[in-house]
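What follows is one structure encoded as structure tokens, with my remarks underneath.
The values are calculated or read from the model by the stated rules, or taken from the named source; none is laboratory data. Values in this document were obtained by computation on a predicted structure and should not be read as measured data. Cβ placement follows ideal geometry from the backbone for every residue including glycine, while neighbour counts extend to all protein chains displayed. Note: areas computed on protein heavy atoms with side chains; ligands, DNA, RNA excluded. Shrake-Rupley method; radii C 1.70, N 1.55, O 1.52, S 1.80 Å.
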Amino acid sequence: LVPAYGGTPYNTNNLQGDDAAPVIGGTSVFDLTTANVLAKAGGRISMIPLKLFRKLPEGGSEPATDLNRYYLVHDQFNPDMTNMMFRSSRFGMQIDWGNGFAELEYDNAGRVRAAHPIHSSRIPVENVRRHPSTRSIYYLVNNNDGTKTRLEDWEMLHFPSPMSDDGIWGRGVVA
């Protein structure tokens, strides 16, 4: 069955030198299992409501339910995905790819109205760049037709993995 999915029956490159771990499409079953366990944990974490708070002048904080972003992160990131679906999918991208991305959509008043996921494979590390003069980050998103779409940092929601060499680009847990 494994060769039918583009893999080889056994991983011959493991440290022990024996043929122990079946692979599918170049990814070992161990890696897939680890990613699955972590994604399920992330799914449970994403079930916890995410709320935006504002600091109060006298100390403490309160939910900032009057901000348009509150609905976005608490209830629904976009019309097609619930909060839990969006957060779980970005968590999965962090595990496998090291980074999760979403393009931000704005209304006519300049407020964020939605976040649309972008698969991490469309933004390799060489497509994350800095402006020479302002030093701000921008992203080049690979399109299916071979072109690239440039998104400025304010147009992108980037979830790097906590494992990072530079604080900008995350490393996947399962590699």
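Of all the Cα-Cα pairs you can form in the range 49-175, what percent are over 22 Å apart?
Summing the P(r) of the range 49-175 above 22 Å gives 45 percent of all pairs.
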- request: Give a quick list of trypsin sites (Lys or Arg not before Pro) in the range 70-175 that DSSP marks as loop, anything other than H, G, I, E or B, with at most 14 other Cβ atoms within 10 Å.
  value: Arg111, Arg135
- line: Row for the range 118-175, column shape: gyration tensor on C-alpha, a ≥ b ≥ c, rounded if a/c < 1.5 i.e. under 1.5, prolate if a/b over b/c, else oblate; value oblate
- request: For the range 55-172, report the accessible area per residue in Å² (1.4 Å probe, heavy atoms, rounded to an integer).
  value: 59
